[in-house]
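Following: one structure in structure tokens, then a few remarks.
Throughout, read-outs are computed from the coordinates displayed, never taken from laboratory work. All figures in this text were calculated on a predicted structure; none of them were measured in a lab. A quick note on method: Cβ atoms are made from the backbone with ideal geometry, for glycine too, and the neighbour counts reach across all protein chains shown.
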Amino acid sequence: VQLVESGGGLVQAGGSLKLSCAASRRIFNINHMGWYRQAPGKQRELVATLTSGGGSANYADSVKGRFTISRDNAQNTMYLQMNSLKPEDTAVYYCNVRGLNAYNGDEYDYWGQGTQVTVSS
């Protein structure tokens, strides 16, 4: 399975971007799906997660009220709508999907290649 992110770019503070994470095929037995980010010189941090059923989302305190995570099962795609962007949101954003292989019970852990988000002041 490949995860391909898109939607990053350069935006002014206060602006919006919508990131997409498209899976190459449908993924089953998902335990965790979410968005992470890594700024230069910093550790990767969790931004938002969504339950496999899509009914419950959790956000880092720094993005609550500004970011929204969602999914489109028919399109095998996860999204991150980012509003009121701040310079401190500048980072490479990664999507992640983890779960258990239905056939052998092995864990899988898929990551996208990352998409750069740069917010200018």
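Looking at segment 1-91, the strands (runs of 3 or more DSSP E) lying wholly inside it that each contain 1 or more residues that are among the basic types (Lys, Arg) sit at 17-23, 30-38, 67-72. Return a yes/no flag: does segment 22-31 have any residue that is more than 15 Å from residue 1 (Cα to Cα) and without any contact (Cβ under 8 Å) to a residue 40 or more places away in the chain. The answer is no, given that none of the residues of segment 22-31 is more than 15 Å from residue 1 (Cα to Cα) and without any contact (Cβ under 8 Å) to a residue 40 or more places away in the chain. Among the conditions (1) under 16 Å from residue 18 (Cβ atoms); (2) buried (at least 16 other Cβ atoms within 10 Å of the Cβ); (3) out of contact with any Ser or Thr (no Cβ under 8 Å at 6 or more places or on another chain), residue 115 misses just one, which is (3).
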